[in-house]
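Everything below concerns the one structure shown next.
The values are calculated or read from the model by the stated rules, or taken from the named source; none is laboratory data. A quick note: this is a predicted structure, and the numbers were derived from the prediction, not measured. Counting neighbours? That spans all protein chains shown, and the Cβs are built from the backbone with ideal geometry, glycine included.
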């Protein structure tokens, strides 16, 4: 099996009057990034891949939906929206708050200890709940393709997958979600700051594929943060 992770394009976090959006739309550059990554994914020879895409799963966030729309058009696939793919949920009080206030709060949160990081913001989603949500949803998705965990690092292919059928899935989500997926599939011990361990810029791509190992299968990371489809001056973090 092959899993292609796409981060959404550049979002417009800040309103014209300097206030935060919890569910931002894409900027003009973000829409251009989305079109470029769609063209990249439509060319199956241009990525480490094994054939056509079977399913396009997408976070419900506006920035992910807008990024996925041209990808769906390019691949001829509907958008299969899953709530578990959404980014770690921000406090509701951040919606409409002055961006300077939100930025200062986020900076203070980043300076906390690891244990405090796991607790998250008291008004938002804890990182423990976020990790549990993402990994549970991921395992349920993979099971529909016959890919089931044997332990923390080894996986078994069952049904058609065991007979050599290669399924290819594209997931359009977020830095936090995608990095949590990568860490889980690689069997890495989870951390509450996965997006800094497995960094992906806007509209960049990561590719993971199963490979036989030790009587089971492992997930191999074939690409991370690949943005070769974007001009240098259109790459954003």
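For the range 66-162, please list each of the helices (runs of 4 or more DSSP H) lying entirely inside it that holds at least 1 residues being free of Cβ contacts under 8 Å to residues at least 40 places away in the same chain and closer than 25 Å to residue 10 by Cβ.
Hits in the range 66-162: 99-110.
Looking at the range 20-31 only, could you name the residues that are touching a strand residue (DSSP E or B) at 6+ places or on another chain (Cβ under 8 Å) and either at pLDDT below 95 or crowded, with 17+ Cβ neighbours inside 10 Å (or both)?
Correct list: 20, 21, 24, 26, 27, 30.
Among (1) modelled with pLDDT of 95 or more; (2) exposed (fewer than 15 other Cβ atoms within 10 Å of the Cβ); (3) assigned to a loop (DSSP other than H, G, I, E, B), which single condition is residue 165 missing?
(1)
Got a sec? Which of 138, 154 is surrounded by fewer than 19 Cβ atoms within 10 Å (Cβ to Cβ) and either within 25 Å of residue 71 (Cβ to Cβ) or at pLDDT 95 or above (or both)?
154
Output the number of the condition that residue 159 fails; it satisfies all remaining conditions of (1) modelled with pLDDT of 95 or more; (2) under 30 Å from residue 212 (Cα atoms).
Result: residue 159 fails condition (1) only.
Between 208, 221, which is touching a helix residue (DSSP H, G or I) at 6+ places or on another chain (Cβ under 7 Å), buried (at least 17 other Cβ atoms within 10 Å of the Cβ) and not in a helix (DSSP H, G or I)?
Going through 208, 221 in turn, the sole match is 208.
Yes or no, residue by residue, for (1) buried (at least 17 other Cβ atoms within 10 Å of the Cβ); (2) in contact with a strand residue (DSSP E or B) (Cβ under 9 Å, 6 or more places away or on another chain); (3) farther than 30 Å from residue 31 by Cα:
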| residue | (1), (2), (3) |
| --- | --- |
| 80 | no, yes, no |
| 103 | no, yes, no |
| 110 | no, no, no |
| 120 | yes, no, yes |
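Between 38, 34, which is touching a strand residue (DSSP E or B) at 6+ places or on another chain (Cβ under 9 Å), crowded, with 18+ Cβ neighbours inside 10 Å and either part of a loop (DSSP other than H, G, I, E, B) or in contact (Cβ under 8 Å) with a residue 12 or more places away in the chain (or both)?
Going through 38, 34 in turn, just one is touching a strand residue (DSSP E or B) at 6+ places or on another chain (Cβ under 9 Å), crowded, with 18+ Cβ neighbours inside 10 Å and either part of a loop (DSSP other than H, G, I, E, B) or in contact (Cβ under 8 Å) with a residue 12 or more places away in the chain (or both): 34.
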